[in-house]
Amino acid sequence: MAKSKTRPFAGIPNRVMEHPDFHALSANSVRLLLWFAYQYKGNNNGKLCAVHSQLCDKGFKSKSTLSAALRELQAGRFIELSKGSGLGKNGRTPNYYALTYESVDEIRGFEMDLKPTNKALRTFIDDIDNKRCA
């Protein structure tokens, strides 16, 4: 019997979607979180970006709408900045982010301000998260 191939999907764990912080997000922030989940391939957490030129046809018509969604996701601890923008050989580089509900990956040839982790930055299980923050 042939082994079936798993098709790519954008996943957000149930524990995240059931959390009150998720329910409090605006529709634009949920949409952006889905795009981050879409970019995540299981080995690139920390190298996810949200560039207006790539998202303007995905519902983010204005840069201010995208910026507000990014701020809300960061404030709610759904994403964390892994590498700030700067100037590179080929011009300006974007900000890169990591999903907090997954561990941060070590990505060969990509230096981040955020260090790779073995565990998620946030579990979305309040008792565990509160002990980590204390």
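Computed from the coordinates by the stated procedures, all read-outs in this text should not be read as laboratory data. Being a predicted model, the structure only gives us computed values, none of them experimental. When we count neighbours, we look across all protein chains shown, and the Cβ atoms used for this are built from the backbone with ideal geometry, even at glycine.
Across 73, 25, 121, mean-square fluctuation computed from a Gaussian network of the chain (C-alpha pairs under 10 Å connected) peaks at 25.
Checking the cross-link pairs 47/115; 63/115; 41/61; 41/115; 41/83 against a 20 Å limit on the alpha carbon distance flags 63/115; 41/61 as lying beyond it.
Given the rule -39500 (n - 2.57) for each run of at least 4 DSSP H residues, summed and divided by the residues of the chain, what is its mean residue ellipticity at 222 nm, to the nearest 500 deg cm²/dmol?
Working: 6 runs with 46 residues, N = 134.
That comes out to -9000 deg cm²/dmol.
Between 65, 93, 117, where does the largest GNM mean-square fluctuation fall for the chain, given springs only between Cα atoms within less than 10 Å? Looking only at 65, 93, 117, the largest GNM fluctuation is found for 93. Restriction of the GluC sites (Glu not before Pro) in region 20-122 to DSSP coil positions whose beta-carbon has at most 14 other beta-carbons within 10 angstrom yields 106, 111. In the chain, Cα pairs under 8 Å separated by at least six residues give a relative contact order of 23 percent.
If you rank 49, 56 by fewest surrounding Cβ atoms within 10 Å, what's the result?
Values: 49 17, 56 14.
Placing the least packed residue first, the sequence is 56, 49.
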